[in-house]
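S.K.: This is the structure, below, for whatever I ask next.
The values are calculated or read from the model by the stated rules, or taken from the named source; none is laboratory data. Keep in mind it's a predicted model, so treat the numbers as computed, not measured. Methodologically, a virtual Cβ is constructed for each residue, glycine included, from the backbone with ideal geometry; neighbour enumeration extends over all protein chains shown. We work out accessible area using only protein heavy atoms, side chains counted, and drop any ligands, DNA or RNA first. Shrake-Rupley method; radii C 1.70, N 1.55, O 1.52, S 1.80 Å.
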Amino acid sequence: MLEVQSLGKTYLGSTPHEAIRDISCSVTEGEFVALVGPSGCGKTTLLRCLSGLDSPTTGEVRVDGARVIEPVASMALVFQEYGRSLYPWLTVEQNMRLPLEAAGVSRSEIRERCDRALTDVGLQGMNDRHPWQLSGGMQQRVAIARAIAYRPRILLMDEPFASVDAQTREDLEDLMLDIRSRYDMTIVFVTHDIEESIYLSDRVIVLSQPPTTVAKVFPVNLPRERDQLGTKSLPEFIELRTAVHRAIRRDEDVTAGALAKA
Amino acid sequence: MRRLTSVAHRLLGLLVFAVLVAAWWLGSQNSLNPFYPPLEVITQHFRDNWLFERVPGDLVPSMWRLAVGYLIGVAAGAGLGMLIGVRPRLRRAVTPVIDFMRSLPPTALIPTAIVVIGIGSSGKVGLIALACVWPVLLNTVTAVANLDVIWSQTAKAYRISGWRYLRRVQLPGALPQILAGARAALAVALIMVVVTEMVGSTEGIGHFVIQAQRTFALADMWSGVLLIGLIGFAINALFVAVQRGLLRSHGPRGTTRS
(Lines give C-alpha, C1' and ligand atoms only; values in the text may rest on other atoms or scores of the structure.)
Protein backbone atom coordinates (compact mmCIF):
# COMPACT_ATOMS: atom_id res chain seq x y z
CA MET A 1 0.00 0.00 0.00
CA LEU A 2 3.01 2.29 0.55
CA GLU A 3 5.54 2.16 -2.22
CA VAL A 4 8.86 3.91 -2.51
CA GLN A 5 10.46 3.84 -5.95
CA SER A 6 14.12 4.80 -6.40
CA LEU A 7 13.74 7.71 -4.05
CA GLY A 8 16.66 10.13 -3.90
CA LYS A 9 17.10 13.40 -2.10
CA THR A 10 19.81 15.93 -2.70
CA TYR A 11 19.83 19.22 -0.85
CA LEU A 12 20.85 21.94 -3.21
CA GLY A 13 22.89 24.88 -2.06
CA SER A 14 26.40 26.21 -2.32
CA THR A 15 27.62 22.67 -1.51
CA PRO A 16 24.96 20.20 -2.72
CA HIS A 17 24.49 17.39 -0.23
CA GLU A 18 23.25 14.01 -1.38
CA ALA A 19 21.34 12.71 1.64
CA ILE A 20 19.59 9.76 0.01
CA ARG A 21 20.90 8.07 -3.12
CA ASP A 22 18.39 5.41 -4.02
CA ILE A 23 15.80 3.77 -1.82
CA SER A 24 13.13 1.38 -3.03
CA CYS A 25 10.85 -0.56 -0.74
CA SER A 26 7.22 -1.30 -0.22
CA VAL A 27 5.11 -1.73 2.88
CA THR A 28 2.06 -3.95 2.82
CA GLU A 29 -1.23 -3.32 4.55
CA GLY A 30 -1.11 -3.85 8.31
CA GLU A 31 2.65 -4.27 8.41
CA PHE A 32 4.91 -2.79 11.07
CA VAL A 33 8.18 -1.80 9.44
CA ALA A 34 11.18 -0.43 11.31
CA LEU A 35 13.83 1.65 9.57
CA VAL A 36 17.18 1.54 11.32
CA GLY A 37 20.52 3.00 10.45
CA PRO A 38 23.48 4.86 11.84
CA SER A 39 22.80 8.39 13.03
CA GLY A 40 22.88 10.94 10.25
CA CYS A 41 21.86 8.37 7.65
CA GLY A 42 18.90 10.33 6.36
CA LYS A 43 16.17 8.45 8.26
CA THR A 44 14.34 11.63 9.08
CA THR A 45 14.72 12.90 5.53
CA LEU A 46 13.24 9.67 4.22
CA LEU A 47 10.29 9.87 6.58
CA ARG A 48 9.66 13.48 5.64
CA CYS A 49 9.56 12.44 2.00
CA LEU A 50 7.17 9.59 2.82
CA SER A 51 4.84 11.96 4.67
CA GLY A 52 4.80 14.50 1.88
CA LEU A 53 6.35 17.23 4.02
CA ASP A 54 9.42 17.14 1.81
CA SER A 55 9.63 16.20 -1.85
CA PRO A 56 12.22 13.77 -3.18
CA THR A 57 14.66 14.97 -5.83
CA THR A 58 14.30 11.75 -7.79
CA GLY A 59 11.87 8.85 -7.62
CA GLU A 60 8.50 8.90 -5.95
CA VAL A 61 6.30 7.79 -3.07
CA ARG A 62 2.91 6.25 -3.71
CA VAL A 63 0.07 5.40 -1.37
CA ASP A 64 -2.47 3.03 -2.92
CA GLY A 65 -1.06 3.93 -6.27
CA ALA A 66 -1.52 7.69 -5.83
CA ARG A 67 1.61 9.78 -5.85
CA VAL A 68 2.32 11.68 -2.63
CA ILE A 69 3.22 15.32 -3.27
CA GLU A 70 1.89 16.85 -0.07
CA PRO A 71 0.64 15.46 3.26
CA VAL A 72 -2.37 13.20 2.69
CA ALA A 73 -5.28 12.41 4.99
CA SER A 74 -4.43 8.74 5.13
CA MET A 75 -1.12 9.33 6.87
CA ALA A 76 -0.19 10.76 10.26
CA LEU A 77 3.27 11.65 11.49
CA VAL A 78 4.56 11.51 15.05
CA PHE A 79 7.53 13.82 15.41
CA GLN A 80 10.68 13.18 17.33
CA GLU A 81 10.27 16.58 19.00
CA TYR A 82 7.06 15.55 20.75
CA GLY A 83 7.13 18.46 23.17
CA ARG A 84 7.29 21.02 20.42
CA SER A 85 4.80 19.28 18.15
CA LEU A 86 2.03 19.87 20.70
CA TYR A 87 0.69 23.41 20.91
CA PRO A 88 1.25 24.62 24.47
CA TRP A 89 -1.68 27.08 24.42
CA LEU A 90 -4.13 24.29 23.62
CA THR A 91 -5.26 21.63 26.06
CA VAL A 92 -4.59 17.96 25.40
CA GLU A 93 -8.04 17.53 23.90
CA GLN A 94 -7.85 20.71 21.83
CA ASN A 95 -4.53 19.52 20.42
CA MET A 96 -6.21 16.28 19.38
CA ARG A 97 -9.32 17.98 18.03
CA LEU A 98 -7.59 20.48 15.79
CA PRO A 99 -6.66 18.05 12.97
CA LEU A 100 -10.09 16.41 13.20
CA GLU A 101 -11.89 19.74 12.94
CA ALA A 102 -9.78 20.59 9.91
CA ALA A 103 -10.75 17.25 8.39
CA GLY A 104 -14.44 18.00 8.96
CA VAL A 105 -15.15 15.16 11.37
CA SER A 106 -18.49 15.57 13.17
CA ARG A 107 -18.56 16.89 16.73
CA SER A 108 -19.89 13.75 18.34
CA GLU A 109 -17.40 11.58 16.55
CA ILE A 110 -14.54 13.87 17.53
CA ARG A 111 -15.47 13.49 21.18
CA GLU A 112 -15.73 9.74 20.84
CA ARG A 113 -12.39 9.40 19.08
CA CYS A 114 -10.58 11.67 21.54
CA ASP A 115 -11.88 9.82 24.57
CA ARG A 116 -11.05 6.46 23.11
CA ALA A 117 -7.57 7.49 21.98
CA LEU A 118 -6.77 8.99 25.39
CA THR A 119 -7.93 5.81 27.08
CA ASP A 120 -5.84 3.70 24.72
CA VAL A 121 -2.68 5.61 25.58
CA GLY A 122 -3.52 5.51 29.29
CA LEU A 123 -4.32 9.18 29.73
CA GLN A 124 -8.05 9.07 30.32
CA GLY A 125 -9.32 12.17 32.08
CA MET A 126 -6.33 14.30 31.06
CA ASN A 127 -8.40 16.12 28.41
CA ASP A 128 -8.12 19.57 29.93
CA ARG A 129 -4.46 19.58 30.89
CA HIS A 130 -1.97 21.62 28.96
CA PRO A 131 1.11 19.91 27.48
CA TRP A 132 3.43 21.87 29.74
CA GLN A 133 1.72 20.32 32.76
CA LEU A 134 2.73 16.82 31.61
CA SER A 135 5.98 14.86 31.74
CA GLY A 136 7.93 14.06 28.57
CA GLY A 137 6.58 10.52 28.36
CA MET A 138 3.02 11.74 28.81
CA GLN A 139 3.51 14.39 26.13
CA GLN A 140 4.61 11.69 23.72
CA ARG A 141 1.51 9.70 24.63
CA VAL A 142 -0.60 12.73 23.76
CA ALA A 143 1.19 13.04 20.42
CA ILE A 144 0.43 9.35 19.76
CA ALA A 145 -3.18 9.81 20.88
CA ARG A 146 -3.54 12.72 18.48
CA ALA A 147 -2.21 10.55 15.67
CA ILE A 148 -4.51 7.58 16.35
CA ALA A 149 -7.58 9.80 16.83
CA TYR A 150 -6.84 11.03 13.31
CA ARG A 151 -7.40 7.42 12.17
CA PRO A 152 -4.67 7.29 9.56
CA ARG A 153 -4.20 4.15 7.56
CA ILE A 154 -0.46 4.65 7.78
CA LEU A 155 1.29 5.93 10.88
CA LEU A 156 4.78 7.34 10.43
CA MET A 157 6.93 7.70 13.54
CA ASP A 158 10.25 9.53 13.60
CA GLU A 159 12.43 8.28 16.48
CA PRO A 160 9.53 8.96 18.79
CA PHE A 161 11.15 7.57 21.92
CA ALA A 162 14.65 8.91 21.44
CA SER A 163 14.49 11.44 24.24
CA VAL A 164 12.67 9.67 27.06
CA ASP A 165 14.21 7.63 29.86
CA ALA A 166 14.64 3.85 29.51
CA GLN A 167 11.68 2.81 31.64
CA THR A 168 9.30 5.19 29.87
CA ARG A 169 10.67 4.00 26.59
CA GLU A 170 9.80 0.38 27.31
CA ASP A 171 6.31 1.42 28.38
CA LEU A 172 5.83 3.36 25.18
CA GLU A 173 7.12 0.45 23.07
CA ASP A 174 4.55 -1.83 24.64
CA LEU A 175 1.95 0.86 24.13
CA MET A 176 2.73 0.82 20.42
CA LEU A 177 2.28 -2.95 20.23
CA ASP A 178 -1.01 -2.60 22.07
CA ILE A 179 -2.22 0.16 19.76
CA ARG A 180 -1.14 -1.81 16.78
CA SER A 181 -3.36 -4.71 17.85
CA ARG A 182 -6.35 -2.41 18.48
CA TYR A 183 -6.20 -0.25 15.41
CA ASP A 184 -5.94 -1.38 11.88
CA MET A 185 -2.85 0.55 10.97
CA THR A 186 0.25 0.20 8.91
CA ILE A 187 3.19 1.57 10.84
CA VAL A 188 6.56 2.83 9.63
CA PHE A 189 8.84 3.42 12.56
CA VAL A 190 12.23 5.09 12.37
CA THR A 191 14.76 4.42 15.11
CA HIS A 192 18.48 4.12 15.71
CA ASP A 193 17.92 1.51 18.40
CA ILE A 194 18.42 -2.01 17.06
CA GLU A 195 16.57 -3.82 19.87
CA GLU A 196 13.63 -1.48 19.56
CA SER A 197 13.42 -2.02 15.82
CA ILE A 198 13.26 -5.82 16.18
CA TYR A 199 11.03 -5.81 19.24
CA LEU A 200 8.33 -3.77 17.55
CA SER A 201 8.35 -4.75 13.93
CA ASP A 202 7.55 -7.41 11.35
CA ARG A 203 10.41 -6.31 9.18
CA VAL A 204 13.59 -4.37 9.78
CA ILE A 205 15.05 -2.32 6.95
CA VAL A 206 18.67 -1.36 7.55
CA LEU A 207 19.77 1.84 5.86
CA SER A 208 23.34 2.60 4.90
CA GLN A 209 25.55 5.57 5.59
CA PRO A 210 24.74 8.62 3.44
CA PRO A 211 24.27 8.86 0.55
CA THR A 212 21.72 6.39 1.83
CA THR A 213 20.55 3.17 0.21
CA VAL A 214 18.85 0.08 1.62
CA ALA A 215 21.70 -1.97 3.09
CA LYS A 216 19.71 -5.04 4.09
CA VAL A 217 16.22 -6.25 4.95
CA PHE A 218 15.45 -8.63 7.82
CA PRO A 219 12.05 -10.26 8.27
CA VAL A 220 11.22 -10.64 11.97
CA ASN A 221 9.74 -14.07 12.50
CA LEU A 222 8.93 -13.72 16.15
CA PRO A 223 5.48 -14.48 17.57
CA ARG A 224 3.07 -11.52 17.52
CA GLU A 225 2.70 -11.58 21.29
CA ARG A 226 5.80 -9.89 22.63
CA ASP A 227 7.05 -8.83 26.00
CA GLN A 228 10.10 -6.93 27.05
CA LEU A 229 11.90 -9.69 28.97
CA GLY A 230 10.65 -12.82 27.23
CA THR A 231 10.96 -11.73 23.64
CA LYS A 232 14.29 -10.03 24.10
CA SER A 233 15.83 -13.19 25.55
CA LEU A 234 14.63 -15.51 22.77
CA PRO A 235 17.55 -17.01 20.82
CA GLU A 236 15.93 -15.85 17.55
CA PHE A 237 15.80 -12.31 18.89
CA ILE A 238 19.44 -12.33 19.92
CA GLU A 239 20.50 -13.84 16.62
CA LEU A 240 18.59 -11.22 14.71
CA ARG A 241 20.00 -8.44 16.86
CA THR A 242 23.53 -9.60 16.05
CA ALA A 243 22.73 -9.83 12.34
CA VAL A 244 21.21 -6.33 12.20
CA HIS A 245 24.06 -4.94 14.23
CA ARG A 246 26.55 -6.55 11.87
CA ALA A 247 24.75 -5.15 8.84
CA ILE A 248 24.99 -1.64 10.24
CA ARG A 249 28.59 -2.14 11.34
CA ARG A 250 29.71 -3.62 8.04
CA ASP A 251 28.30 -0.66 6.25
CA GLU A 252 30.19 1.69 8.56
CA ASP A 253 33.40 -0.28 7.93
CA VAL A 254 32.96 -0.05 4.18
CA THR A 255 32.52 3.71 4.43
CA ALA A 256 35.53 4.03 6.72
CA GLY A 257 37.60 1.96 4.31
CA ALA A 258 36.57 4.12 1.38
CA LEU A 259 37.48 7.23 3.33
CA ALA A 260 40.87 5.77 4.27
CA LYS A 261 41.63 5.02 0.63
CA ALA A 262 40.66 8.51 -0.45
CA MET B 1 12.30 31.50 49.92
CA ARG B 2 12.24 33.09 46.48
CA ARG B 3 8.69 34.15 47.12
CA LEU B 4 9.79 35.89 50.26
CA THR B 5 12.52 37.87 48.53
CA SER B 6 10.14 38.94 45.78
CA VAL B 7 7.75 40.29 48.41
CA ALA B 8 10.66 42.01 50.12
CA HIS B 9 11.72 43.61 46.84
CA ARG B 10 8.24 44.92 46.26
CA LEU B 11 8.13 46.38 49.76
CA LEU B 12 11.51 47.98 49.20
CA GLY B 13 10.21 49.59 45.98
CA LEU B 14 7.20 50.98 47.80
CA LEU B 15 9.44 52.28 50.57
CA VAL B 16 11.73 54.15 48.16
CA PHE B 17 8.67 55.62 46.45
CA ALA B 18 7.20 56.74 49.77
CA VAL B 19 10.49 58.28 50.89
CA LEU B 20 10.75 60.33 47.68
CA VAL B 21 7.18 61.57 47.94
CA ALA B 22 7.77 62.50 51.58
CA ALA B 23 10.96 64.33 50.64
CA TRP B 24 9.08 66.27 47.96
CA TRP B 25 6.29 67.06 50.41
CA LEU B 26 8.62 68.28 53.17
CA GLY B 27 11.12 69.99 50.87
CA SER B 28 8.46 72.01 49.08
CA GLN B 29 6.43 72.78 52.20
CA ASN B 30 7.55 76.38 52.60
CA SER B 31 8.32 77.02 48.96
CA LEU B 32 7.54 80.57 47.82
CA ASN B 33 8.90 79.94 44.33
CA PRO B 34 5.86 80.17 42.02
CA PHE B 35 7.34 77.57 39.67
CA TYR B 36 7.64 74.96 42.43
CA PRO B 37 4.51 75.22 44.56
CA PRO B 38 4.31 73.05 47.69
CA LEU B 39 3.16 69.51 47.00
CA GLU B 40 0.35 70.16 49.42
CA VAL B 41 -0.96 72.92 47.17
CA ILE B 42 -0.54 70.71 44.09
CA THR B 43 -2.61 67.95 45.69
CA GLN B 44 -5.29 70.48 46.59
CA HIS B 45 -5.45 71.60 42.99
CA PHE B 46 -5.42 67.98 41.92
CA ARG B 47 -8.46 67.35 44.06
CA ASP B 48 -10.23 70.46 42.76
CA ASN B 49 -9.53 69.66 39.11
CA TRP B 50 -9.63 65.91 38.87
CA LEU B 51 -12.07 64.79 41.57
CA PHE B 52 -14.12 65.12 39.44
CA GLU B 53 -14.76 68.54 38.03
CA ARG B 54 -12.73 68.29 34.84
CA VAL B 55 -13.08 64.58 34.30
CA PRO B 56 -15.91 64.75 31.72
CA GLY B 57 -14.48 67.76 29.86
CA ASP B 58 -10.78 66.90 29.73
CA LEU B 59 -9.99 63.42 31.02
CA VAL B 60 -12.73 61.49 29.23
CA PRO B 61 -11.96 62.85 25.73
CA SER B 62 -8.26 62.10 26.24
CA MET B 63 -8.83 58.58 27.44
CA TRP B 64 -11.32 57.92 24.68
CA ARG B 65 -8.86 59.01 22.00
CA LEU B 66 -6.11 57.00 23.68
CA ALA B 67 -8.21 53.84 23.78
CA VAL B 68 -9.58 54.06 20.24
CA GLY B 69 -6.31 55.12 18.61
CA TYR B 70 -4.33 52.51 20.51
CA LEU B 71 -6.68 49.64 19.74
CA ILE B 72 -6.88 50.52 16.04
CA GLY B 73 -3.09 50.76 15.87
CA VAL B 74 -2.51 47.44 17.65
CA ALA B 75 -5.13 45.63 15.56
CA ALA B 76 -3.74 47.00 12.31
CA GLY B 77 -0.14 46.24 13.30
CA ALA B 78 -0.92 42.68 14.39
CA GLY B 79 -3.16 41.98 11.39
CA LEU B 80 -0.70 43.30 8.82
CA GLY B 81 2.17 41.62 10.62
CA MET B 82 0.43 38.24 10.45
CA LEU B 83 0.09 38.58 6.70
CA ILE B 84 3.58 39.94 6.04
CA GLY B 85 5.42 37.60 8.42
CA VAL B 86 4.55 34.42 6.52
CA ARG B 87 5.67 35.79 3.15
CA PRO B 88 9.49 35.91 3.24
CA ARG B 89 9.87 37.92 0.05
CA LEU B 90 7.27 40.51 1.04
CA ARG B 91 8.81 40.66 4.50
CA ARG B 92 12.24 41.44 3.11
CA ALA B 93 10.73 44.01 0.77
CA VAL B 94 8.93 45.99 3.46
CA THR B 95 11.37 45.62 6.37
CA PRO B 96 13.30 48.83 5.52
CA VAL B 97 10.04 50.78 5.39
CA ILE B 98 8.94 49.42 8.75
CA ASP B 99 12.35 50.15 10.25
CA PHE B 100 12.23 53.70 8.91
CA MET B 101 8.73 54.38 10.18
CA ARG B 102 9.55 52.90 13.55
CA SER B 103 12.65 55.07 13.87
CA LEU B 104 10.78 58.26 12.97
CA PRO B 105 9.59 59.91 16.19
CA PRO B 106 5.83 59.99 15.69
CA THR B 107 5.60 63.42 17.29
CA ALA B 108 7.51 64.77 14.28
CA LEU B 109 4.46 64.01 12.16
CA ILE B 110 2.12 66.19 14.18
CA PRO B 111 2.66 69.53 12.41
CA THR B 112 2.27 67.82 9.04
CA ALA B 113 -0.82 65.98 10.18
CA ILE B 114 -2.43 69.20 11.38
CA VAL B 115 -1.98 70.67 7.92
CA VAL B 116 -3.12 67.54 6.11
CA ILE B 117 -5.95 66.16 8.25
CA GLY B 118 -6.75 69.05 10.55
CA ILE B 119 -6.90 69.18 14.32
CA GLY B 120 -10.17 67.41 14.90
CA SER B 121 -10.56 64.49 17.23
CA SER B 122 -10.44 61.92 14.44
CA GLY B 123 -7.16 63.39 13.24
CA LYS B 124 -5.69 62.83 16.68
CA VAL B 125 -7.03 59.30 16.88
CA GLY B 126 -5.54 58.59 13.45
CA LEU B 127 -2.16 59.92 14.52
CA ILE B 128 -2.16 57.85 17.71
CA ALA B 129 -3.09 54.76 15.70
CA LEU B 130 -0.39 55.47 13.12
CA ALA B 131 2.22 55.82 15.86
CA CYS B 132 1.14 52.57 17.54
CA VAL B 133 1.21 50.47 14.36
CA TRP B 134 4.98 50.25 13.97
CA PRO B 135 6.21 48.62 17.18
CA VAL B 136 3.36 46.10 16.98
CA LEU B 137 3.92 45.45 13.28
CA LEU B 138 7.64 44.90 13.69
CA ASN B 139 7.19 42.51 16.61
CA THR B 140 4.43 40.56 14.88
CA VAL B 141 6.39 40.15 11.66
CA THR B 142 9.43 38.89 13.58
CA ALA B 143 7.34 36.58 15.75
CA VAL B 144 5.51 35.03 12.81
CA ALA B 145 8.67 34.62 10.77
CA ASN B 146 10.43 32.90 13.68
CA LEU B 147 7.59 30.64 14.72
CA ASP B 148 8.84 27.20 15.78
CA VAL B 149 9.13 25.16 12.56
CA ILE B 150 7.80 22.07 14.32
CA TRP B 151 4.54 23.97 14.97
CA SER B 152 4.08 24.80 11.31
CA GLN B 153 5.22 21.35 10.16
CA THR B 154 2.81 19.64 12.52
CA ALA B 155 0.04 21.79 11.11
CA LYS B 156 1.12 20.92 7.59
CA ALA B 157 1.29 17.19 8.31
CA TYR B 158 -2.23 17.29 9.78
CA ARG B 159 -3.51 19.48 6.96
CA ILE B 160 -4.41 22.41 9.17
CA SER B 161 -4.32 25.42 6.91
CA GLY B 162 -5.83 28.76 5.98
CA TRP B 163 -7.88 30.67 8.50
CA ARG B 164 -7.83 27.79 10.97
CA TYR B 165 -4.03 27.75 10.96
CA LEU B 166 -3.90 31.53 11.31
CA ARG B 167 -6.25 31.63 14.25
CA ARG B 168 -5.33 28.46 16.14
CA VAL B 169 -1.59 28.19 15.52
CA GLN B 170 -0.02 31.32 14.11
CA LEU B 171 -1.75 33.96 16.25
CA PRO B 172 -1.39 32.21 19.61
CA GLY B 173 2.15 31.17 18.73
CA ALA B 174 3.13 34.76 18.02
CA LEU B 175 1.05 36.22 20.85
CA PRO B 176 3.79 36.65 23.48
CA GLN B 177 5.86 38.79 21.14
CA ILE B 178 2.85 40.64 19.73
CA LEU B 179 2.02 41.66 23.28
CA ALA B 180 5.60 42.81 23.85
CA GLY B 181 5.11 45.13 20.86
CA ALA B 182 1.73 46.23 22.16
CA ARG B 183 3.31 47.19 25.44
CA ALA B 184 5.87 49.37 23.70
CA ALA B 185 3.02 50.93 21.71
CA LEU B 186 1.19 51.79 24.92
CA ALA B 187 3.88 54.24 25.98
CA VAL B 188 3.87 55.73 22.49
CA ALA B 189 0.09 56.15 22.60
CA LEU B 190 0.18 58.11 25.84
CA ILE B 191 2.89 60.42 24.49
CA MET B 192 0.84 61.00 21.34
CA VAL B 193 -2.33 61.81 23.25
CA VAL B 194 -0.63 64.42 25.38
CA VAL B 195 1.38 66.01 22.59
CA THR B 196 -1.43 66.18 20.02
CA GLU B 197 -3.59 67.89 22.61
CA MET B 198 -0.87 70.37 23.47
CA VAL B 199 -0.43 71.37 19.86
CA GLY B 200 -3.94 71.67 18.57
CA SER B 201 -6.89 71.16 20.86
CA THR B 202 -9.48 72.92 22.94
CA GLU B 203 -9.91 70.13 25.45
CA GLY B 204 -8.12 67.13 26.84
CA ILE B 205 -5.47 66.65 29.47
CA GLY B 206 -2.60 67.79 27.27
CA HIS B 207 -4.47 70.97 26.45
CA PHE B 208 -5.16 71.50 30.15
CA VAL B 209 -1.49 71.30 31.05
CA ILE B 210 -0.29 73.65 28.31
CA GLN B 211 -3.15 76.08 29.01
CA ALA B 212 -2.34 76.15 32.74
CA GLN B 213 1.28 76.87 31.93
CA ARG B 214 0.38 79.73 29.59
CA THR B 215 -1.87 81.34 32.19
CA PHE B 216 0.66 80.83 34.99
CA ALA B 217 -1.71 78.52 36.86
CA LEU B 218 1.34 76.50 37.81
CA ALA B 219 -0.22 74.43 40.56
CA ASP B 220 -2.88 73.39 38.03
CA MET B 221 -0.14 72.55 35.55
CA TRP B 222 1.56 70.36 38.14
CA SER B 223 -1.71 68.65 38.96
CA GLY B 224 -2.09 67.75 35.27
CA VAL B 225 1.43 66.34 35.13
CA LEU B 226 0.69 64.28 38.21
CA LEU B 227 -2.47 62.95 36.60
CA ILE B 228 -0.66 61.99 33.38
CA GLY B 229 1.91 60.10 35.45
CA LEU B 230 -0.82 58.26 37.31
CA ILE B 231 -2.59 57.37 34.06
CA GLY B 232 0.61 55.95 32.61
CA PHE B 233 1.16 53.90 35.72
CA ALA B 234 -2.42 52.63 35.77
CA ILE B 235 -2.64 51.62 32.11
CA ASN B 236 0.66 49.79 32.38
CA ALA B 237 -0.62 47.85 35.37
CA LEU B 238 -3.82 47.11 33.48
CA PHE B 239 -1.82 45.96 30.49
CA VAL B 240 0.28 43.57 32.57
CA ALA B 241 -2.88 42.08 34.06
CA VAL B 242 -4.45 41.57 30.62
CA GLN B 243 -1.21 40.12 29.28
CA ARG B 244 -0.96 37.68 32.14
CA GLY B 245 -4.54 36.57 31.49
CA LEU B 246 -4.02 36.13 27.76
CA LEU B 247 -0.83 34.11 28.22
CA ARG B 248 -2.03 31.95 31.08
CA SER B 249 -2.71 28.99 28.81
CA HIS B 250 0.76 29.33 27.22
CA GLY B 251 2.35 28.00 30.37
CA PRO B 252 5.45 29.24 32.17
CA ARG B 253 7.54 29.48 29.00
CA GLY B 254 5.05 31.68 27.20
CA THR B 255 4.72 34.15 30.02
CA THR B 256 8.38 34.66 30.69
CA ARG B 257 9.34 35.05 27.06
CA SER B 258 7.69 38.42 26.60
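S.K.: Find the centroid of the Cα atoms in segment B:52-128 and in segment A:64-82, then give the distance between the two in whole Å.
M.R.: Using only Cα atoms, the two centres lie 45 Å from each other.
S.K.: Would you count, across the protein assembly as shown, every pair of lysines whose alpha carbons are under 24 angstrom apart, provided the pair is eight or more residues apart or spans two chains? Write down the numbers at each step before the final one.
M.R.: On the way: A:9/A:43; A:9/A:216; A:9/B:156; A:43/A:216; A:43/B:156; A:216/A:232.
For the protein assembly as shown, the number of qualifying lysine pairs is 6.
S.K.: Report the local net charge at residue B:128: Lys and Arg +1, Asp and Glu -1, summed over other residues whose C-beta lies under 12 Å from its C-beta.
M.R.: On the way: positive: B:65, B:124; negative: B:197.
Computed value for this residue: +1.
S.K.: Sticking with this one: Select from B:115, B:144, B:195 the residue whose mean-square fluctuation is largest in a Gaussian network model of chain B (Cα-Cα springs shorter than 10 Å).
M.R.: B:115
S.K.: Which value, in Å to one decimal place, does the Kirkwood hydrodynamic radius take for segment A:75-119 when every pair of different Cα atoms is included?
M.R.: When all Cα pairs of segment A:75-119 are included, the Kirkwood radius is 11.4 Å.
S.K.: On to the next question. Rank B:134, B:222, B:24 by mean-square fluctuation in a GNM of chain B with C-alpha springs under 10 angstrom and give only the top-ranked residue.
M.R.: In this elastic network of chain B, the residue with the biggest mean-square fluctuation among B:134, B:222, B:24 is B:24.
S.K.: Also, quick follow-up: Normalise the Debye intensity by I(0) for segment B:198-251, one equal point scatterer per Cα, no solvent, then take log10 at q = 0.14, 0.23 Å⁻¹ and round to two decimals.
M.R.: Relative scattering, expressed as log10 I(q)/I(0), comes to -0.51, -0.82.
S.K.: Please build a GNM for chain A, connecting alpha carbons under 10 Å apart, and tell me which residue among A:12, A:123, A:53 fluctuates the most.
M.R.: Checking each option, the largest mean-square fluctuation is seen for A:12.
S.K.: Below 8 Å between Cα atoms, with a sequence gap of 6+, how large is the relative contact order for chain B in percent? Present the calculation step by step, with values, prior to reporting the outcome.
M.R.: Details: 256 pairs, mean separation 61.7, N = 258.
Averaging sequence separation for qualifying contacts and normalising by length gives 24 percent for chain B.
S.K.: Once the principal axes of the Cα atoms of the protein assembly as shown are found, what is the range along each, listed largest first in whole angstroms?
M.R.: Computed over the Cα atoms, the extents are 101, 56, 51 Å.
S.K.: What's the center-to-center distance, using Cα atoms, between segment A:118-144 and segment A:1-48 in Å?
M.R.: Between the Cα centres of segment A:118-144 and segment A:1-48 lies a distance of 30 Å.
S.K.: Another one. Quick check: with the 1.4 Å probe, what order do B:240, B:97 take by accessible area, largest first? Before the final figure, lay out each step's value.
M.R.: Details: B:240 40, B:97 85 Å².
Greatest to least solvent exposure: B:97, B:240.
S.K.: Let me ask something else. Counting DSSP beta bridges in the protein assembly as shown, what percent are antiparallel, to the nearest 5? Can you show the working numbers first?
M.R.: Working: 19 of 39 bridges.
Close to 50 percent.
S.K.: Which net charge results for the neighbourhood of residue A:4, defined as the other residues with beta-carbon distances under 11 angstrom from its beta-carbon, given Lys and Arg at +1 and Asp and Glu at -1? Intermediate results must be reported in sequence, preceding the final value.
M.R.: On the way: positive: A:62; negative: A:3, A:22, A:60.
So the environment of residue A:4 carries a net charge of -2.
S.K.: Is the C-alpha gyration tensor of chain B telling us rounded, prolate or oblate? Criteria: a/c under 1.5 is rounded; beyond that, a/b larger than b/c is prolate, otherwise oblate.
M.R.: Values: a/c = 2.93, a/b = 1.57, b/c = 1.86.
Oblate, because a/c is 1.5 or more while a/b does not exceed b/c.
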